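Heads up, the thing below is written out as structure tokens.
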Amino acid sequence: MSPRTKTASRAKGASVLEQRAAQPLATTNGAGARGDRIGVRKTYKLYIGGAFPRTESGRSYEILGAKGELLANACRGTRKDIREAVRAARKAQPGWAAKTAFNRSQILYRIAELMEGRRDQFIAEVMVSEGVGRARATRVVDAAVDRWVWYAGWADKYPQSVGTVNPVAGSYFNFSIPEPTGVVGVIAPEASSLLGLVSRLAPVIVSGNAAVVLASESRPLPAVTLTEVLATSDVPGGVVNLITGLRRELTAHLAGHMDVNALDAFGASAESAAALEEAAVENMKRFVRPPTGGLERYDWLSAAAQSPYLIGEYVEIKTVWHPIGA
Amino acid sequence: MTLTKKPETRPAPNSWGLSAGDSPWEYAPAPEATDHIRIEPEYGLFIGNQSVRSKPRKTFTVINPATEEPLARVAHASKADVNRAVAAAHEAHRSSWSKLPGRERAKYLYRIARIMQERSREFAVVESMNSGKPIKESRDVDVPLAAAHFFYYAGWADKLEYAFPNRDPRSLGVAAQVIPWNFPLLMLAWKIAPALAAGNTVVLKPASTTPLTAYLFADVVRQADLPPGVVNIITGPGEIGMELVTHPDVSKVAFTGSTAVGKMIARRLAGSGKKVTLELGGKAANIVFDDAPLDQAIEGIVNGIYFNQGEVCCAGSRLFVQESVYEPLIDKLKARLGTLRVGDPLDKNTDVGAINSAGQLAKVQELVDSGIAEGAEIFQPDCELPTRGFFFRPTLFTGVSQSHRIAQEEIFGPVLSVLTFRTPDEAIEKANNTPYGLSAGVWTEKGSRIFKMVNAMRAGVVWANTFNRFDPTSPFGGYKESGYGREGGIHGLGAYLDLSGNGSNGR
């Protein structure tokens, strides 16, 4: 069964809470029980400030695989979890931005290295989450790893493509440089649980922003596993924070949070985008809209899904003047 | 160190020989001639290269804020007029402007720049009469910069693929542009020049108090033989601006004005898919370290807050002085304020002209009253003000704390709030403690400190050892609640192009 038909079979706007497991709980950490050994399951938790807390609500919701089987209970994150995540992001952001571009480049490359090491786990999770075959899942995971490598290379190059020296008509040295916007909220795409998330997250953090990510509501497991990679990749705690839960309970709070500087709503549903954009106005967040052609048809493997101009959506241009004189 | 209380007003030290009362030199009146200026009794809307009456016919009076005398009556656009103007722009984009090769668009823009240069004095005088700004500013800053903007963006019109390689840059369509009254012609140029260079057509709404140089610009458009409908200008109150920016056939919105109105516009446009740039309010920190060249800093402070009567979104309205130089700096600053010549905007010696409107004057007065009420100490030079017109003395507040309204709200008038700091980190903390982030200033002789401060300021423009400099090649725009997008330079060009061909999907 393809992920599309699975998603479509749910009533529009229906929550994953309304699903009920067709099969007993299974682990995604491999095949589960082998012979007489009982498998050790993983608890999927939030990722805030470099730690893996459970949601403060103490609540969870069931995550089903594409075939309707129960995969895990994920944290049903809350507004308060978002606040904690924003606080952690705000605290971590200046230090991350202050690292040299070379250093950030190496850290993003390190993420790719560690993802590569967990390649089989990611493939298995994408297969069960998205309901795709091994070949497709392999392409998707490989592309996600390669995407980190690609953005790693931009860390110390994009400022040279978007910065300028401005030949003003006067005796002044004048230049414009990009700086990270600050704390960026990311609404991860619902369907593309891993590649979609990596494609949106990498251009946000490469320049020195910190991110608060709302994972795919129905397919959050690969995202949680990604945070385990981030935690061991020298990405400072708080630079990426990930909340799982129900979008209808979370997106508006992220969009309206007064200490978030930008919102990537590329992964939000088209129906919710206008309300999110309006909520983002309160503190003049930079806002990235969903794709005009619709997210359903968006090809995350296409060349356009990675672009240095995406980095540009989450930077500010600062112009500096100084007189030239003796 | 204690902050000594100073008397309310006091003369400059005699050694300066500069205070207004006992200045060793007097300035004879030096009025700019106005006999070559022709202001029509009535201006219609400029739609399709024609001056047309609003439907239904309705006008409002535009006055000279320095004399309160009427200058002209201008058309009060209706919703139907907005539709007409957008339709003209839409048709011009479809049938002529978007099909014109970039090199030909460029030549039209070069023509406009040249005609503005040829008619520069006319523009400067009308601008000063209508806005209240001193003639030396309109003559030496506003008008030359406006012409330079057209000249700069003219050169981009046929080079878009080189500006945005691999992005398939395309024009957006009709740009709706709403501009403020503080730099009427310059803001027009900032808006129209990049829009036309990128292949868009425009409908521009100047502020209702300052439409005259826009209508003078309409005459330049006619002289330059632009195809009808490429530039359209309509006048009316804010509601008409809102009709314009929300019009369904508008693809791009550019607004310069207050943060409150900018937010209203952004909310109305949420979900519309229109590309938006907003250049909004500011409350810039101007930070003076103890190793700064004080006399230069004084000039920079004065230029920062009293330039254009302080009616500047990027004005250096919060002065942060390192405590060890507080007293000498304040002494010099007060003395310098005594030498500012306040009065007739058309006098070539005038430094500070008229506030643009009675409403703005009342707003400035209200905030100044709040500063006094909240316990800050006011200083104003003892200068004479004209008996008519909207004038306000250059004002300085000491003993200001971060929580005072005059330290937090944009005053948009010649009012400076002085605060102090001890360490660079304290200066950074205080300077960034505002929802705004348009500009900042730093004064120090130490190079490494300049760059530390430059990096730390959450502001789109940082002037180091200078202030309030502008250039067409230099991107301008804010962080945080000062808006988004940049104007000027290659960054300002991108704001008028559809660059969605490769990845980017922001506003």
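Cβ crowding within 10 Å, taken as a proxy for footprinting-reagent exposure, orders B:THR350, B:THR209 from fewest neighbours to most as B:THR209, B:THR350.
Return the calculated 222 nm mean residue ellipticity for the protein assembly as shown, to the nearest 500 deg cm²/dmol, obtained by summing -39500 (n - 2.57) across DSSP H runs with n ≥ 4 and dividing by the residue count.
Numbers: 27 runs with 305 residues, N = 833.
After summing the helix terms and dividing by the residues of the protein assembly as shown, the value is -11000 deg cm²/dmol.
Counting charges near B:ARG422 (Lys, Arg +1; Asp, Glu -1) among other residues having Cβ under 13 Å from its Cβ returns a value of -4. Between region B:333-408 and region B:24-71, the alpha-carbon centres lie 26 Å apart. In region B:282-471, the DSSP beta bridges split such that about 10 percent are antiparallel, to the nearest 5.
Under the simplified labelling scheme, the B:GLU26-A:GLU249 pair shows an inter-label distance of 8.0 nm, with each label point 7 Å from Cα along Cα→Cβ. Between region A:67-90 and region A:304-326, the alpha-carbon centres lie 33 Å apart. Taking square-rooted eigenvalues a ≥ b ≥ c of the alpha carbon gyration tensor, is the protein assembly as shown rounded, prolate or oblate, where a/c under 1.5 means rounded and, failing that, a/b exceeding b/c means prolate? Because a/c hits 1.5 or more and a/b exceeds b/c, the protein assembly as shown counts as prolate. Summary value for chain B: 19 percent relative contact order, contacts being C-alpha pairs under 8 angstrom separated by 6+ residues. Are there trypsin sites (Lys or Arg not before Pro) in region B:304-381 that DSSP puts in a loop and that have at most 16 other Cβ atoms within 10 Å, and which ones? Here the sparse-neighbourhood loop sites are B:ARG341, B:LYS348. Relative to the dominant Cα principal axis of chain B, helix B:294-306 is inclined by about 50°.
Which residues in region B:63-95 have a backbone N closer than 15 Å to a point placed 7 Å from the Cα of B:THR34 along the Cα-to-Cβ line? Backbone N within reach: B:63-73.
Fully extending the segment from B:LYS446 to B:LYS348 would add 31.6 nm, taking 0.36 nm per residue of separation and subtracting the current Cα-Cα distance.
Excluding the sites themselves, what is the longest stretch of chain B that contains no chymotrypsin sites (Phe, Trp or Tyr not before Pro) in a DSSP loop with at most 15 other C-beta atoms within 10 Å?
Values: sites that count: B:TRP25, B:TYR27.
It works out to B:28-507.
Here region A:144-179 is scanned for amide nitrogen atoms under 20 Å from the site 7 Å beyond the Cα of A:GLU116 along Cα-to-Cβ, giving A:144-156.
Computed over the Cα atoms of region B:282-471, what is the ratio Rg over Rh, Rh following Kirkwood? Display every interim value, and only then the final one.
Details: Rg = 15.5 Å, Rh = 16.4 Å.
Radius of gyration relative to Kirkwood radius: 0.95.
Look at where the Cα atoms of region B:463-491 and of region B:175-198 average out, and the two centres are 15 Å apart.
Its residue count N sets the reference 2.2 N^0.38 Å, and the alpha-carbon radius of gyration of chain B equals 0.97 times that reference.
Which percent, to the nearest 5, of DSSP beta bridges fully inside the protein assembly as shown are antiparallel? Write down the numbers at each step before the final one.
Values: 38 of 98 bridges.
For the protein assembly as shown, the DSSP antiparallel bridge percentage is about 40.
The GluC sites (Glu not before Pro) of region B:19-96 meeting both criteria, a DSSP state outside H, G, I, E and B (loop) and at most 13 other C-beta atoms within 10 angstrom of the site's C-beta, are B:GLU26, B:GLU68.
What does the extension gain come out to for A:GLU69 and A:ASP259, with contour length at 0.36 nm per residue minus their alpha carbon separation? It would help to have the intermediate numbers written out before the result.
Details: separation 190, 0.36 × 190 = 68.40 nm, distance 3.89 nm.
Difference between extended and current length: 64.5 nm.
The calculated FRET efficiency for B:LEU385 paired with B:GLN408, based on their beta-carbon distance and R0 = 25 Å, is about 0.35.
Coordinate-derived values only; no laboratory data. Predicted model, so just to flag it, every value in this text is computed and none were measured. Positions of Cβ are generated from backbone atoms using ideal geometry, with glycine treated the same way; all protein chains shown enter the neighbour counts.
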